[in-house]
Amino acid sequence: MFQIVAAGLQTTLQGAPRLGYRHLGIPYAGPADALSMALANRLVDNSTDATCLEITYGGFEAETDTACAIAITGAGGEVLLSGAPAPMHETLHVPAGARLKLKPARYGARAYLAIHSGFRARAQFGATSTYLPAQLGGHEGRALRAGDVLSVTAQAQVRQTWQTPDALRPLFDGKFALRATISAETELLDDVMREALFSNTFIVGRQATRMGISLEGHPLFPASDGMMKSAPVFPGTIQCPPSGIPIALLCDAQTTGGYPRIASIARCDRHQLGQMRPGDQVRLLHRTPEQAVIEYERKQVLLNGWLDRRA
Amino acid sequence: MSAQRLARRIADDVFEYRVETPQDAQALASQLRALDLAEDVVAGLDTVSVRCDPEYLTAVEAALATFEPDAAGFQLESETIELSIQYGGEFGPDLKAVCDQTGLSESAFIAVHTERTHTVEMIGFTPGFSYISGLPDGFAVPRLSQPRSRVPVGSVGVSSDFTGVYALAGPGGWPLIGRIQDLLFDPESASPFRLSPGHRVKFKAV
């Protein structure tokens, strides 16, 4: 049993995305930073999308009454295990009765806590991931609170102590450069604004949720009458409402939208959206779709060399 | 069905078709979904997007290149569903603004909205959100320039010449004219979605 003592700003259970239901309006959900969650699962011998805790901005505390193997990745504040500092990106063999504390991080937004065999969670529409707006999946479809008790799907031992290779550990410093392609309505931007899209440094606005991140500082105005017909959007789509403030969509993205789709963040860099916090700097690096796929495949090869390797 | 012959790329992992009507979009999407090649096939009002894992991109591209849509084999729902709606006031804070834009009085707008038989064209945005056509030609209500961060469940908005019903509380950019009491999405139910594309809808003022 794993009991939440303090849940911080928002802690939810997240696992695989809920693929294949967008035509019914059901978003993917899943981890905001899928790479960090995969790395956490790897350290406790889980599949990459076993159900984990996604902890927003730290301030998290839990107790366990049974011995377990856990790992923490993502945005790192100090980790304390029964008062003693413990590393991130490493298998932690936690004895029964231990208390775990994760302090707020200076940079980055979300930490991932994986436990060997995964947390038990309610599967709905094919996935355990929590989607808060419709109370789907996770623990009663809601964010965790102090006093909630979680259980794991199976008891077993992890013998090794794994560490994420240094080269694969994402570092967060409040500055992001994301590869991106043009999208369906990019042509509504004039040449000057198209140029600006890929040369401005945007600032993450106050709206920085699992649904979308507003990119402020350089308003862009597509030539639109506000009457565009609603069209599919996905995690990675950058929409531009008439306010001129583009919104980059992520894991909880709505399934359709009526604002011009001016760009799309390349699949290889979408995980970074989950670590943005208000005030961070964001630049978009222009890629063709073909280049972006090649870079995605390269990154997968690099990651799979670690994620797929088991002793 | 009239669809563009080839899909264009709108992201590194998304292809999109342009079609003429929402019915074309639903028909094309259901046939593409049946190919079972993609992570997701999503219809818009005049678009269909196909999202795939880049690992299968070449296979999907090849399949789309030879794909021939067939309008004949697709049947939409046709049942009529009545939804009770409270117009204006706290339930529809933008009713007056919408009336100003359309040149109708509030009572004339409500008369038009309740007299007509509407059609569900698409489910999208959030679980169960319904895009419903049936407002008179020439209606051209723009979306809010700044979306609301929270719209209550059951809120009814208009945008362009569509009525939209928010099946969940959440952010929303449509000007709101009223609210319904029925639940359009209930994940605990054996049939979680009250409305489907093709359903006829009558609004009843209460």
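The values are calculated or read from the model by the stated rules, or taken from the named source; none is laboratory data. The structure presented is a predicted model; accordingly, all values stated were derived computationally and were not measured. Neighbour counts are summed over all protein chains in view; Cβ atoms, including those assigned to glycine, are modelled from backbone coordinates with ideal geometry.
Quick notes on this one:
- Test: B:Glu106 is away from chain A (no Cβ under 14 Å), closer than 30 Å to A:Ala208 by Cβ and modelled with pLDDT of 90 or more: no
- Counting the residues of the range A:153-172 that are within 25 Å of A:Thr66 (Cα to Cα) and either loosely packed, with under 15 Cβ neighbours inside 10 Å or out of contact with any helix residue (DSSP H, G or I) (no Cβ under 6 Å at 6 or more places or on another chain) (or both) gives 10.
- Selection of the range A:229-269 for residues being modelled with pLDDT of 95 or more, among the basic types (Lys, Arg) and either in a loop (DSSP other than H, G, I, E, B) or under 17 Å from A:Phe198 (Cβ atoms) (or both) yields only A:Arg261.
- Scan the range B:155-204 for residues that are more than 14 Å from the chain's Cα centre (by Cα), away from chain A (no Cβ under 14 Å) and surrounded by fewer than 24 Cβ atoms within 10 Å (Cβ to Cβ) and the total you get is 6.
- Any chance A:Leu150 is surrounded by 19 or more Cβ atoms within 10 Å (Cβ to Cβ), assigned by TED's automatic domain parsing to the domain that holds A:Ser47, in contact with a Ser or Thr (Cβ under 9 Å, 6 or more places away or on another chain) and among the hydrophobic types (A, V, I, L, M, F, W, C): no
- Once the range A:229-240 is narrowed to residues that are touching a Lys or Arg at 6+ places or on another chain (Cβ under 9 Å) and under 18 Å from B:Asp46 (Cβ atoms), the residue that is farthest from the other protein chains (Cβ to nearest Cβ) is A:Gln239.
- A single entry from A:Ala16, A:Ala29, A:Ala40 fulfils the requirement of being within 30 Å of B:Val165 (Cα to Cα) and crowded, with 24+ Cβ neighbours inside 10 Å: A:Ala29.
- Residue pairs meeting the criteria (Cβ under 6 Å; at least 6 apart or on separate chains; first within 17 Å of B:Gln23 (Cα to Cα), in the range A:225-239; second small (Gly, Ala, Ser)): A:Ser230/A:Gly258; A:Ser230/B:Gly44; A:Ala231/B:Gly44; A:Pro232/B:Gly44; A:Pro232/B:Ser49
- Residue check, A:Gly244 surrounded by fewer than 16 Cβ atoms within 10 Å (Cβ to Cβ), within 14 Å of another protein chain (Cβ to nearest Cβ) and either farther than 23 Å from A:Arg18 by Cβ or in contact (Cβ under 8 Å) with a residue 12 or more places away in the chain (or both): yes
- For the range B:123-205, the strands (runs of 3 or more DSSP E) that sit wholly inside it and include 3 or more residues that are hydroxyl-bearing (Ser, Thr, Tyr) are B:130-133.
- Matching residues in the range A:210-219 - criterion: being in contact (Cβ under 8 Å) with a residue 24 or more places away in the chain and surrounded by fewer than 16 Cβ atoms within 10 Å (Cβ to Cβ): A:Pro219
- Of all residues in the range A:59-102, those being in a strand (DSSP E or B) and either modelled with pLDDT under 95 or of a type outside the set (Phe, Trp, Tyr) (or both) number 25.
- Positions within the range B:24-45 being under 16 Å from A:Ala231 (Cβ atoms) and either in contact with a Pro (Cβ under 7 Å, 6 or more places away or on another chain) or part of a helix (DSSP H, G or I) (or both), in sequence order: B:Asp24, B:Ala25, B:Gln26, B:Leu28, B:Ala29, B:Leu32, B:Val42, B:Gly44, B:Leu45
- Identity of the residue in the range B:99-142, touching a helix residue (DSSP H, G or I) at 6+ places or on another chain (Cβ under 7 Å) and surrounded by fewer than 15 Cβ atoms within 10 Å (Cβ to Cβ), that ends up nearest to A:Asp225 (Cα to Cα): B:Pro136
- So B:Ser145, is it at pLDDT 95 or above and of a type in the set (Gly, Ala, Ser): no
- Condition met for A:Thr56 (more than 14 Å from chain B (Cβ to nearest Cβ) and surrounded by fewer than 22 Cβ atoms within 10 Å (Cβ to Cβ)): no
- Flag if A:Thr181 is over 24 Å from A:Arg42 (Cα atoms), surrounded by 21 or more Cβ atoms within 10 Å (Cβ to Cβ), among the β-branched types (Val, Ile, Thr) and over 17 Å from the mean Cα position of the chain (by Cα): yes
- Taking the range A:281-300 as the range and being more than 9 Å from chain B (Cβ to nearest Cβ) and either modelled with pLDDT under 95 or crowded, with 22+ Cβ neighbours inside 10 Å (or both) as the test, the residues that pass are A:Val282, A:Leu284.
- The range B:49-91 - residue that is among the β-branched types (Val, Ile, Thr) and buried (at least 16 other Cβ atoms within 10 Å of the Cβ) and, of those, farthest from the other protein chains (Cβ to nearest Cβ): B:Ile85
- Filtered residues of the range A:251-267 (kept if within 8 Å of chain B (Cβ to nearest Cβ) and either over 28 Å from A:Asp190 (Cα atoms) or touching a helix residue (DSSP H, G or I) at 6+ places or on another chain (Cβ under 6 Å) (or both)): A:Thr255, A:Ala266, A:Arg267
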